[in-house]
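Sending over a structure as structure tokens; questions will come in a sec.
The values are calculated or read from the model by the stated rules, or taken from the named source; none is laboratory data. This one's a predicted model, so the numbers in the text were calculated from it and none came from an experiment. Cβ placement follows ideal geometry from the backbone for every residue including glycine, while neighbour counts extend to all protein chains displayed. The accessibility values were calculated without ligands, DNA or RNA, using every heavy atom of the protein model including side chains. Shrake-Rupley method; radii C 1.70, N 1.55, O 1.52, S 1.80 Å.
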Amino acid sequence: MAAAPSTAAPIKLPGGVSPLRAGQGHSFLWRRLHSLTGIVPVGLFLIEHFFSNAYATKGPGAYTKQVAFLSSFPFVVTLELLGIWLPILYHSLYGFYIWYRGDSNIRDYPWAGNWMYAAQRWTGAIAFFYMGWHTWHLRFSGVHILTYPAAAFGKVQLEFHSPAAVAFYAVGIFCASWHFAYGLWLFAAKWGITQGPVSRRRWGYVCILIALVFMAVGAVTMHSFMTTPQQPVEPAASELDSFTMR
Amino acid sequence: MPEKPVLFKIRRQASPAQKAYWEEFELAWHAGMNVISSLMEIARNPLTRDGKATTPITYDSNCLEEVCGSCAMLINGKARMACSALVAKLEQPIRLEALSKFPIIRDLSVDRSVLFENLKRVKAWVPIDGTYDLGAGPRLTMEDQEQAYPLSRCISCCCCMEVCPQFNRQTGFVGAATISQVRLFNTHPTGAALKRQRLQALMGDGGIQECGYAQNCVEVCPKDIPLTRSISEVGGAVMKQAIGDLLRR
Ligand code: HEM
Ligand code: SF4
Ligand code: SF4
Ligand code: FES
């Protein structure tokens, strides 16, 4: 028979780690939600975002069409808010909280998994500041792309006008790709999908491939923006007519 | 083989509340010496390197063959068992410190009762007590035995917790050893009677969710216990139960 929980207080010396609080608190829910939001919806959005931007490789016309298509969704701002902004904000802020509470120790224990643990935090943080810059420039200031899709291509091109900005974009894409791919690996390990060392290793190879695909798509997309002649950023008069009535 | 004297730097602390300080010791080298045998030598003749009389060093040890789990300490900054740490294979001076995440009782001896407390909270036992003879239990299949045996080799040394970046005072994380014991007792046909309660316990604050999968635990474990496999398996079982409970409620 199950014994009653111990009532005897354990010997208490200062400085110890407290034992498991069985049956108490909600951190399980919040922590697993953090894990899940990394895949759905934030990871899905990342896939969509890389895919949509890759239309740049087909020229400004195709790119404008894709932007117009996304902007044409009903309840587009609500979808953005609930499907992208809030989940990213939650995953990021809770991610910083997780980081703050952990004690990275790669100096004492420089093992591969421990390096990846640290890298998951740094790539997340860099992606966070990158996304702040990126969305401020392209979504929240200047010409409103949702209203004037034809201005989108040119507006992105303006982002690449200094080598430092190009480097910043490259680093941002690298970190987001890495963080997402290793996140997929972590998710599978933590949620009991890849239980044995062999399946974890094999899934690891797939995740490396996923990271490389993301990085390659990002690089090719950037290249298209940088090699196409600068497109107009001001909304065309005809567009103004058709959109101001909305 | 270094035939020169062996140098030790040992971090000492007279009581939980007192300040720590370092002392150096020099021992004559001889073949096969390990860290525990060196501490025994110092106890026989407690003189520091510069010849001052001091107290013998307090440390835990028992089996001297890496099966009791009591002698874990930081050797050159890394958590490991002192009785299996051969001096010939260590860089000198050999630095000895108490484990850093457990309260120091004295010198190298720490209070690791948190692991015992955690094991109690997940009911890491097979419930066989009753008011009458319950008879023989079901047999473990060969396959289950092969899974269970490696897990049963845990010596409660707490190395896996010491090296875990998530095991600290802010998280109060339960640590890999306890999670692995949940898997062991849930595998046992009679122990499985408490399966739901064990998984439920691991959902509390400081539970399995705190693991960041840095995999240090499995690297350090002196008994080569497949800890990451345990974390994944139990992680999956916990999720299944959590979602199932949500739908059954
Ligand atoms: C590009 C957007 C992002 C995506 C697609 C993403 C995706 C993921 C995924 C799938 C995981 C794995 C889940 C897990 O380990 O439990 C993860 C983990 C993590 N993410 Fe993100 N993430 C993003 C941005 C961020 C940001 C901005 C931060 C802020 C620092 C962050 C911090 C973390 C941390 C700390 C972990 C590891 C949790 C752990 O080790 O337990 N992530 N992320
Ligand atoms: S996998 Fe990493 S975070 Fe999880 S228990 Fe092991 S050492 Fe700690
Ligand atoms: S799991 Fe390994 S490292 Fe952890 S307490 Fe048991 S024997 Fe020690
Ligand atoms: S003395 Fe028993 S494990 Fe070292």
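Given the options B:ALA14, B:SER84, B:ALA72, identify the residue whose Cα lies farthest towards the positive end of the charge dipole of the stretch B:6-110 (+1 on Cβ of Lys, Arg; -1 on Cβ of Asp, Glu).
So the residue we want is B:ALA14.
Continuing with this model, one more query. Mind listing the phi-derived Karplus ³J(HN,Hα) values for the stretch B:114-127, rounded to whole Hz, using 6.51, -1.76 and 1.60 with θ = phi - 60°, and x for any glycine or proline?
In residue order, the calculated couplings are 4, 5, 4, 4, 4, 4, 5, 5, 9, 6, 7, 8, 9, x Hz.
A follow-up question, please. At A:ALA167 and A:VAL143, where each label point lies 7 Å from the Cα along Cα→Cβ, what is the point-to-point distance in nanometres?
It works out to 2.9 nm between the two label points.
Roughly what % antiparallel, to the nearest 5, for the DSSP beta bridges in the protein assembly as shown?
85
Which percent of Cα-Cα pairs in the protein assembly as shown sits in each 10 Å bin, short to long?
Taking every Cα pair in the protein assembly as shown, the percentages come to 4, 16, 22, 19, 16, 12, 7, 3, 1, 0.
Next question, about the same structure. What do you reckon, how do A:ARG32, B:ARG196, B:ARG139, B:ARG11 stack up by accessible area (1.4 Å probe), largest on top?
Correct descending sequence by accessible area is B:ARG139, B:ARG196, B:ARG11, A:ARG32.
Give the average, rounded to an integer, of partner chain Cβ atoms located within 10 angstrom of each Cβ in A:39-50.
That works out to 0 on average.
Then there is this: What ranking of B:MET33, A:MET131, B:MET203 comes out by heavy-atom accessible area, probe 1.4 Å, highest first?
I get A:MET131, B:MET203, B:MET33, largest accessible area first.
Using a 1.4 angstrom probe with every protein chain in place, what is the largest-first accessible-area order of A:PHE69, B:PHE116?
Heavy-atom accessible area, descending, gives B:PHE116, A:PHE69.
Counting only the backbone N, which residues of the stretch B:144-160 are under 15 Å from the spot 7 Å out from the Cα of B:VAL126 toward its beta-carbon?
Residues passing the 15 Å test: B:144-153.
Output wanted: per-residue J couplings in Hz (rounded whole) for the stretch B:154-161, from phi through Karplus 6.51 cos²θ - 1.76 cosθ + 1.60, θ = phi - 60°, x for Gly and Pro.
Calculated HN-Hα couplings, in order: 4, 10, 6, 6, 6, 4, 4, 7 Hz.
With N denoting the number of residues in the stretch B:54-119, provide Rg(C-alpha) divided by 2.2 N^0.38 Å, to two decimal places.
Dividing the Cα Rg of the stretch B:54-119 by 2.2 N^0.38 Å gives 1.13.
Relative contact order (percent) for chain B, with alpha-carbon contacts under 8 angstrom and 6 or more residues of separation?
Once normalised by length, the contact order is 17 percent.
On to the next question. Can you pull the three principal axis extents for the Cα set of chain B, in Å, largest first?
The principal-axis extents, from largest down, are 71, 38, 37 Å.
Something else now. What is the stretch B:113-247's relative contact order, in percent, from Cα pairs under 8 angstrom and six or more apart in sequence?
31
Whole-Hz Karplus ³J(HN,Hα) for the stretch A:100-113, in order, using 6.51 cos²θ - 1.76 cosθ + 1.60 and θ = phi - 60°, x for Gly and Pro?
4, 7, x, 10, 4, 9, 5, 5, 7, 10, x, 9, 4, x
Any chance you could run the full-extension gain for A:TRP99 through A:LEU81? It's 0.36 nm times the residue separation minus the Cα-Cα distance, nm to one decimal.
Between A:TRP99 and A:LEU81, full extension yields an extra 4.0 nm.
Next question. Just how much of B:GLU162 is accessible, in Å², when a 1.4 Å probe is used and the result is rounded to the nearest 10?
10
How big is the shadow of the Cα convex hull of chain A, averaged over all directions, in nm²?
Computing the convex hull of the Cα atoms and averaging its projections yields 19.5 nm².
Further question on the same structure: Starting from the eigenvalues of the Cα gyration tensor, five times each then square-rooted, give me the equivalent ellipsoid semi-axes of the stretch B:113-247, largest first, whole Å.
24, 18, 14
Output the 0 to 90 degree angle, nearest 10, between the alpha-carbon long axis of helix B:176-187 and the longest principal axis computed from the alpha carbons of chain B.
That works out to roughly 40 degrees.
Over the stretch B:7-107, what relative contact order in percent results from Cα pairs under 8 Å that are six or more residues apart?
Averaging sequence separation for qualifying contacts and normalising by length gives 35 percent for the stretch B:7-107.
Give me the compactness ratio for the stretch B:6-110, meaning the Cα radius of gyration over 2.2 N^0.38 Å.
Normalised Cα radius of gyration, the stretch B:6-110: 0.98.
Could you work out the local net charge near A:TYR109, counting Lys and Arg as +1, Asp and Glu as -1, over the other residues with Cβ closer than 12 Å to its Cβ?
Cβ neighbours under 12 Å give a net charge of -1.
Could you check how much of the accessible area of chain A is carbon and sulfur, as a whole percent, using a 1.4 Å probe?
74
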